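Everything below concerns the one structure shown next.
Every number in this text was worked out from the coordinates using simple rules, so none of it is lab data. As the structure is a computational prediction, the values presented were derived from the model and not from experiment. Virtual Cβ from ideal backbone geometry, glycine too; neighbours counted across all protein chains shown.
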Amino acid sequence: MLGPHQKSKNLILHVEQLKENAFTHEFEENPQIFPIIAEMVKNRECEFLKPLTIRLKAFRVRELFEVQGTFWTSVRLPCSRCLKNFDSPLTSDFDLTYTKEMPGMTDAFEDKEIELRAEEIGMIYFKGEEINLEEGIQEQVVMAFPLQPLCNDTCKGLCPQCGSDLNLGDCGCKRDSAANKFAVLKNLKLDET
C-alpha cells in the first residue's frame with residue numbers, strides 16, 4: 001500500500017483507454033494519499049479502519065469523459081454529542097465529468113457565445129492525455145462524512161454543567177429546561193414605539 005501523499009497509478013486515467021470502450025476498475029487505496037483526508041486523520045477528526053475500496057466505470061461521450069463510481073470503507077469518528085469514538089461505514093456513489101476543452105454555451109436571448117468555466121457547470125478541467133482522479137474522488141469522500149456524527153440517534157450527550165456522560169445515567173445536576181443560551185431573553189421587554 002502506498003504511503004501518505006504518494007501518487008497512485010489507479011487514480012490516473014489515460015485518454016487512450018477511453019477511445020473505444022468503457023474502462024472498469026476496482027482497487028484499494030490508502031485514504032491518506034489524499035491530502036485533505038490525511039490532514040483530517042492527522043487532526044484526529046477520523047481514523048480509517050480499512051483501505052478505501054473504489055469501483056470505477058469510465059467512458060467517453062464526445063469531448064466529455066464520464067467517471068461513475070462508488071467507494072466504501074469503515075471509519076472511526078468521535079460522536080458530536082458524547083465525544084466517544086464509534087465505528088461507521090462510509091460509502092457513496094459518485095459521478096464526475098471531465099473535459100479537455102473549455103465548453104462554450106450560446107445564449108439564446110442575446111445570440112452571443114458565453115464561455116463558462118468548467119467548474120461552474122460541474123465539470124473538471126484536465127490537460128494533456130491523462131485525467132487525474134485524485135481531487136474529484138477526494139472531494140466525494142470528504143462530502144460523504146456526516147456533518148454531525150452520532151454514535152446513535154438517542155445519544156444524550158454530556159451534561160453541560162459537570163461533563164458527565166448522560167448515556168451512563170443521570171449525574172444529579174439540576175438542569176432547567178429553560179437554562180439555555182436564550183434563557184436571558186425570557187424576560188426581555190421591547191420598547192414599542
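Tabulated results
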{"quantity": "Cβ-Cβ FRET estimate between K50 and V15, R0 fixed at 25 Å, reported to 0.05", "calculated": "0.20"}
{"quantity": "Under 15 Å, Cβ to Cβ, from E39 - net charge with Lys/Arg +1 and Asp/Glu -1", "calculated": "-3"}
{"quantity": "Ranking of R62, R175 by count of other Cβ atoms within 10 Å, fewest first", "calculated": "R62, R175"}
{"quantity": "Note, ³J(HN,Hα) from phi for the range 83-92, Karplus 6.51, -1.76, 1.60, rounded to Hz, x at Gly and Pro", "calculated": "6, 6, 6, 9, 9, 8, x, 10, 8, 6"}
{"quantity": "Gain upon complete extension [C159, R175; 0.36 nm per residue less C-alpha separation]", "calculated": "4.9 nm"}
{"quantity": "Label-point separation in nm, Q68 to Y125, each point 7 Å along Cα→Cβ", "calculated": "2.8"}
{"quantity": "Distribution of pairwise C-alpha distances over the range 9-155, 5 Å bins, in %", "calculated": "2, 8, 17, 18, 15, 13, 10, 8, 5, 3, 2, 0"}
